[in-house]
Amino acid sequence: MFDYHVHTTQSADCNTPILASCEAAIRLGVTEIAFTDHIEHELADMSYGFYQFDAYMQDLYRARDAYGDRLVILAGAEVDFNRRIASQVEDFLSTHAFDFVIGSVHYGDAGEIIFPEYFDERSLDDVFLSYYEEIEAAVETGWFDTIGHIDLPKRYAPPHSGAYDPLRYEPELTSIFEAMIEREMSFEINTSGMRQSPKTSMPGPQIVSLYTRLGGKLITIGSDSHVPDTIGAGIDQSLSMLTLSGIDSVSSFRERKRSQVPIAVET
């Protein structure tokens, strides 16, 4: 039970102290947790300038002192990426040390965050094709340990945009996955979509199956929790989905170094 995507009060959209999340993780059966607060370099974003690394690390050390005998607590970050801010992202990652780093794309090609209004004058193809260009650019940097919520726009697509078919973008996803496999980079099963719209993980089984057909084997799982009660949510179901897709282990990290931990299958 690894939850590698959890936020704390160092994210502008989270009010949950790290100690409360550790207590919840232990209660809910999580054995490793990575606290991955938003690192934002987009000026318009609510998280811009909010994160304080030194304060984050002090909170993390206190959590390890209090709970480290019962829970593996990792220093992590969710670093927003797009090509407009690539130099700032590179500077940040070269000067800050973590156990684990997620690279996530939240902004479209014109600088608007991918929320429902982003679809007002765009088709699904307009949104997803430019989004996947940014995802591939993030992969090609080699800066990240995993790529977060790889089909995030489906969470915000309004009904008038039409039905989302992930395999419509098989050529783009294939190019992304081939780059990931070459660089030995994971991607994330983000379980937040299971408890919100679109009621499925990001990504879901179709995309995972494509990845495994291409030879991919490296996956992280994260709940994207901002409140204690959702820590670990959806991880059991995601592990079952992975085993059905041919994935038999998940990635674990220490100081940016990966090991693979077998998924325990109940018999």
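The values are calculated or read from the model by the stated rules, or taken from the named source; none is laboratory data. No experiment lies behind these values; they were computed from the predicted model shown. Backbone-built Cβ (ideal geometry, glycine too); neighbour counts: all protein chains shown.
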Check your understanding: Right, Leu214: at negative phi, hydrophobic (A, V, I, L, M, F, W, C) and at pLDDT below 95 or not?
Key -> no
Practice item. Kindly list the number of the only condition in (1) touching a residue at least 60 places away in the same chain (Cβ under 8 Å); (2) not in a helix (DSSP H, G or I) that fails for Gly215. Key: (1)
Check your understanding: If you check Phe35, Phe92, Phe50, which single one turns out to be of a type in the set (Phe, Trp, Tyr), in contact with a strand residue (DSSP E or B) (Cβ under 8 Å, 6 or more places away or on another chain), assigned to a helix (DSSP H, G or I) and at pLDDT 95 or above?
Key -> Phe92
**Study point:** From the options Ser249, Ser245, Ser197, Ser259, residue that is within 21 Å of Tyr107 (Cα to Cα) and either over 16 Å from the mean Cα position of the chain (by Cα) or of a type in the set (Gly, Ala, Ser) (or both)
**Key:** Ser197
Point to revise | Selected residue (only one of Ala75, Ala63, Ala137 is outside any helix (DSSP H, G or I) and among the aliphatic types (A, V, I, L, M)) | key: Ala75
Review point. Could you say whether any residue in segment 65-79 is touching a His at 6+ places or on another chain (Cβ under 9 Å) and among the charged types (D, E, K, R)?
Key: yes
Revision key, fill the gap. Of Thr191, Thr146, Thr220, the only residue that is among the polar types (S, T, N, Q), farther than 23 Å from Ala24 by Cα and buried (at least 21 other Cβ atoms within 10 Å of the Cβ) is Thr146
